[in-house]
Every structure is written in structure tokens, then in C-alpha cells.
Amino acid sequence: MRHLLSSSDLSVAEVDSVLDVATQMAEVARRPVKKLPALRGRTVVNLFFEDSTRTRSSFEIAGKWLSADVINISAKGSSVSKGESLRDTALTVAAMGVDAIVMRHPASGAAHQVAGWVDASIVNAGDGTHEHPTQALLDAFTLRNRFGSLAGRHVAIVGDVTHSRVARSNVITLNRLGARVTVVAPPTLLPAGVDSWDVNVSTDLDAVLPEADAVMMLRVQRERMSGGYFPTAREYTVGYGLTRARLGLMADHAVICHPGPMNRGLEISADAADAARSLVLDQVAAGVAVRMSILYHLLAGESVSDVEGVTSENHRAVRPVAPEPSVPSAAPVRAQAGASV
Ligand code: MLT
């Protein structure tokens, strides 16, 4: 596979492969020298037409830890602000010979379009209200680390489902991994067509909380709201916020996730965000490992092994090099046999 545009692009085996390799990538974060040679000579461009803290910086760190050259381009400060079209910007970036473009855009479908225009691998880092597949993978990685497996686990996705690309991608990935998903939202923030999703739908958070193994809170996306979806912020919190009182409704083993950025005091209280059962910072850490795995799966292909002369023995597992930064001939990492994303 050349691109990662939607969570539905990945089979169960491919999701497992991404998460398994991410487990090995996470080891790198624990080393004093965080560097693998896998993507030496490869160039990754982060092309962001929307604001981002976690996604863009974690892709940048991921690429750099894999020895790729990483360049960040944001709409502010680029020729986009002079009126250049998405197509011209994408063709311009691709013409520089880049291997992958990690792309965020406010229009749903933008990443798919760019994938049709350029030869580089495209990673969808969030397109409008459509999808955010790498967020779903890092959420799955975080929950799998906590529970061992997602099979049979019940995940409640709570809040602004209508505007959430995180919710859409998570529904696909969690279902792939055998979890049961309930989306919980006020009726005004349940998207049209949600009945056709492979989920349970509820408007009663208090009824769902005791049943959930994981509660994934969604940010209220005010920047995407053109009208009044709820009367006041206070009323939203009363009905759908993970307040201190609601923490008491959760099962003892249940955990809290939030993709960030959090609106503390609106969809999530400080008590919930900072609770021992909150995995918010684990999700951030997982973002680097999972994005390393994704870049690795997309870019560490045959051409790398040809150039480096890797033996088939080396293909069996990710083999981090010794932590000296100056080991030019160390074996590059390769995907596990059979892994193809
Ligand atoms: C996103 O870009 O969709 C974020 O990860 C979640 C959010 O903005 O609420």
C-alpha cells in the first residue's frame, strides 16, 4: 500500500502489524540516543493547512528518529496565503522529490485528491470532519497496551461526533480490532447517517458510563460549528461533560482518553483529565511510536533493502541499531515478513 488515507484502508492484519512495529518503535523513546537508520535518505514533508500541536510535531519527531529528512510547511507563511491552489501547492512540494507528504486540510477528501495528483505517499493527518486514521491507530495502541487486547472491550466515544474525524476513524479501527463501540452525544451532535455505522448510539451518558471499559471524550469543535448545537456551554457540560461526579459512575478498571486539545471545564473536567485513569499523555507518547511505524511501513520498502543490501534474515523483525549515532553500516530496519501497509 502506498498511502494511508482512511482507517478502512487497513486490514486487521495490517492494523496489527502497525501496532506491533509501533511497540518496537516505542523502545527507541526509552534510549539515550533516539535514532534508527530505517529512512535514511528519505524525505517527508508535513503539509499542514490547519493548526496542530500533537500530530505535526509527533510526525516530525517520528521521521527524525527514523533518520528521514523532515520539512514542515504550514499554510500560514507559505504561498497558500497568496492564493495558490491545493493542487499547485501539492505538485510544487512533490516536484522537489519528496517521498511522503503528511497532510492536514480543513476539507474532507483533500488527502484523497492529493494522492491522485502526486507520486509521493500521502498520509492523511486529518481531513475536515472525515477521518484521522493515525489518531485511531495511536488510540488503539494505547488501549491495547492497557488491556492486552481490544477484543470484546466496550469503548464509549462521547461528545461532538458530528464534527469529529477522530470518531469516524476510531469506529472503523476499533471495530476491526473486535471492540464494541457506543457513540454518545446530544441529538444535535449525532451525524446524519449514524444509524448505519457499526455502533450503538446513545444520548444518555450516565447510562453508558458504568458499562464502558474506555471512555473517549471528543473535543467540542467550535471552529466547525456554524449554528447553535447546544444552548450554553454549561448545559453541554451538565449533559455530556466528564465531570468529577461522573468519574464515580465509571467502572474501577475503566480508562479515559481524549485526542487533545482538551477544552478543560467543557467536555472534560480537570479531575478527569488529570485522573490516574486518564491516558491522555500515554496517547501523546503513543503518537510518536505509531507514526514511526506508519512511516516505516510506507517508506522502508524494497528499494531500501536493495540499496542497503539487507539479507532476508534482517527482514524478519525491526532491528534497532546500537545507540551510537555514527553507525553508517548498521542494518536498516525492515517490515516484519508479510507486513505490507
Ligand atoms: C484533530 O485534529 O482532529 C484532533 O486530533 C482532535 C481535535 O482537534 O479535536
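The values are calculated or read from the model by the stated rules, or taken from the named source; none is laboratory data. Source: prediction; values computed, not measured. Using ideal geometry, Cβ is built from the backbone for each residue, glycine included, and neighbour counts are taken over all protein chains shown.
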Practice problem: Keeping to the range 149-164, report how many residues are surrounded by 22 or more Cβ atoms within 10 Å (Cβ to Cβ), near the ligand (Cβ under 10 Å from one of its atoms) and on the phi < 0 side of the Ramachandran plot. | Solution: 2
Quiz item: Does residue 109 fit the bill of being more than 18 Å from the chain's Cα centre (by Cα), small (Gly, Ala, Ser) and surrounded by fewer than 24 Cβ atoms within 10 Å (Cβ to Cβ)?
Solution: no
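Matching residues to (1) farther than 29 Å from residue 106 by Cβ; (2) in contact (Cβ under 8 Å) with a residue 40 or more places away in the chain; (3) under 23 Å from the mean Cα position of the chain (by Cα); (4) within 16 Å of the ligand (Cβ to nearest atom):
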| site | (1), (2), (3), (4) |
| --- | --- |
| 197 | no, no, yes, no |
| 217 | no, yes, yes, yes |
| 220 | no, yes, yes, yes |
| 230 | no, yes, no, no |
| 239 | no, yes, no, no |
| 248 | yes, no, no, no |
| 274 | yes, no, yes, no |
| 280 | no, no, yes, yes |
Self-check item: Filter result for the condition that a residue is of a type in the set (Lys, Arg) and either more than 16 Å from the ligand (Cβ to nearest atom) or in contact with a Gly (Cβ under 7 Å, 6 or more places away or on another chain) (or both), over 168, 146
Solution: 146
Quiz item: Given the structure, is residue 44 part of a strand (DSSP E or B) and aliphatic (A, V, I, L, M)?
Solution: yes
Exercise. Only residues that are within 14 Å of the ligand (Cβ to nearest atom) and among the aromatic types (Phe, Trp, Tyr): list them for the range 117-142, please.
Key: none
Practice problem: State all residues of the range 117-142 that are surrounded by fewer than 23 Cβ atoms within 10 Å (Cβ to Cβ) and touching a Gly at 6+ places or on another chain (Cβ under 6 Å); if no residue qualifies, say none. | Solution: none
Quiz item: Out of curiosity, is residue 321 of a type outside the set (Phe, Trp, Tyr) and modelled with pLDDT under 50?
Solution: yes
Practice problem: Pick out the one residue from 75, 94, 68 that is away from the ligand (no atom under 16 Å from the Cβ), more than 20 Å from the chain's Cα centre (by Cα) and touching a residue at least 12 places away in the same chain (Cβ under 8 Å). | Solution: 94
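Residue-wise test of (1) among the acidic types (Asp, Glu); (2) within 22 Å of residue 281 (Cα to Cα).
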| site | (1), (2) |
| --- | --- |
| 47 | no, no |
| 52 | no, yes |
| 77 | no, no |
| 92 | no, no |
| 99 | yes, no |
Quiz item: How many residues are within 21 Å of residue 233 (Cβ to Cβ) and within 23 Å of the chain's Cα centre (by Cα) when one looks only at the range 250-265?
Solution: 8
Quiz item: Only one residue in 114, 80 is aliphatic (A, V, I, L, M), part of a helix (DSSP H, G or I), crowded, with 24+ Cβ neighbours inside 10 Å and away from the ligand (no atom under 16 Å from the Cβ). Which one?
Solution: 114
Quiz prompt | Restricting the range 214-252 to residues that are among the polar types (S, T, N, Q) and modelled with pLDDT of 95 or more, the residue that is surrounded by the most Cβ atoms within 10 Å (Cβ to Cβ) | solution = 237
Self-check item: Scope the range 1-36; condition among the hydrophobic types (A, V, I, L, M, F, W, C) and outside any helix (DSSP H, G or I); matching residues
Solution: 1, 4, 5, 10, 33, 36
Quiz item: Which of the residues that make up the range 50-65 are more than 12 Å from the ligand (Cβ to nearest atom) and surrounded by fewer than 22 Cβ atoms within 10 Å (Cβ to Cβ)?
Solution: 57, 60, 61, 64
